[in-house]
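Okay, so here's the structure we're looking at.
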């Protein structure tokens, strides 16, 4: 009898301890379980997205042309029902088709739930990386396009300057979208340009900025890359961009491309495409150099391994005063590997360049590195050495009277 009582008391004691402990740990367990489910759903949904949705919404959810971006705060916080119904039923009078099997699509409830989870919680950078690994390269860096008929429409907007605007828009699409954005919205590399402040800036001042660049920023001078007439057209376009947009004329974002990542020729072609849209402005055509080092040189290519070249692209320039931006968060690993492949393909014929990093790469002497004070310019000392070097008076022995 005493034994039974002891066992009962022990069991009761265990219950008194275990149940509160379980209740205390349960919220954490539930939270972790939910996090694990979200992770599983996002992982599965990324594959569904790449195979079905990326062709319209972009490999990294960035949106293509009229198809909206999915990587935005509005959708991250949208309620579940709205997202589920939009995917399942589509949107009337738009290109968004229904995807639920009951509506003629190919997805079930579970798969649409996964896509909703991706939209609300997913890391779109990693989705883009997955797409690249499967050969679908995000179209974020190549130049935007504008159709010839749209250029004609721009030219017709203004009898005197319309053709300048059209030429300027073409130049912007080919040279400026990487840093300033396809719609002039700016990026972490450069300021927005499609703004009232730019439109109010004198066109001569805009030409000067394009010509000379902006010290202390990544904005290099374009006077050696563009002709004076091209710089003038680009400035005219920037000043009148809002008038062009008011007519519904916009740059068309580039489409994703599909490649075979196991095909060396495809990878070389991709490397050339990324280099020409991203690197050429600083490193020159075929790595010939410019504001950046000559990449097509024995010193650069034999000294650096593929891993070192990759790390430079990922992290940016490591040398003092280098303006090389980091591209690790702007390019996928496939794109960066393709660029390294392109650089390596130059090595067999790369010349020996006396100074591949160009002149004046050391930042100057210490006394010349301080930031100038625009309010206190240094005036020349008119008393020190007066008369010397001016053709006045000559040396002392000349006036000795001898």
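Read the figures in this text as sums done on the coordinates, not as results from a lab. Predicted model only: the values in this text are computed from it and were never measured. FYI the Cβ positions are ideal-geometry reconstructions off the backbone, even for glycines, and counts take in every protein chain you see.
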Averaging sequence separations of C-alpha pairs under 8 Å and six or more residues apart, then dividing by the length of the range 18-136, give the relative contact order as a whole percent.
-> 31
Ranking of 30, 295 by count of other Cβ atoms within 10 Å, fewest first = 30, 295
How do 70-83, 299-312 rank on mean C-beta neighbours within 10 Å, highest first?
-> 299-312, 70-83
How big, in percent, is the set of alpha carbon pairs in the range 18-136 lying more than 22 Å apart?
-> 37
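What number does the range 259-349 give for Rg over Rh if you use C-alpha atoms and the Kirkwood radius?
With Rg and the Kirkwood Rh in hand, the quotient comes to 0.93.
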For residue 314 and residue 133 in one chain, what is 0.36 nm times their gap in residues minus the Cα-Cα distance, to one decimal in nm?
-> 63.5 nm
Could you calculate the FRET efficiency of residue 333 with residue 14 from 1/(1 + (r/R0)^6), where r is the beta carbon distance between them and R0 is 51 Å, rounded to 0.05?
-> 0.45
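Given that compact globular proteins tend to follow 2.2 N^0.38 Å, what is the ratio of the alpha-carbon Rg of the range 148-246 to that value? Let's see the in-between values first.
Numbers: Rg = 12.7 Å, N = 99, 2.2 N^0.38 = 12.6 Å.
Compared with the compact-globule rule of thumb, the range 148-246 sits at 1.01.
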Do you know the relative contact order of the range 148-246, to the nearest whole percent, from alpha carbon pairs under 8 angstrom that are 6+ apart?
-> 31
Measuring from label point to label point, each 7 Å out along Cα→Cβ, what is the residue 32 to residue 203 span in nm?
-> 6.7
How many nm separate the modelled label positions at residue 212 and residue 2, each set 7 Å beyond the Cα in the direction of the Cβ?
-> 10.3
Sorted peptide list for 281-289, 200-208, 9-17, criterion being average Cβ within 10 angstrom, highest first | 281-289, 200-208, 9-17
Kindly rank 241-248, 327-334, 126-133 from highest to lowest mean number of other beta carbons found within 10 Å of each residue.
-> 126-133, 327-334, 241-248
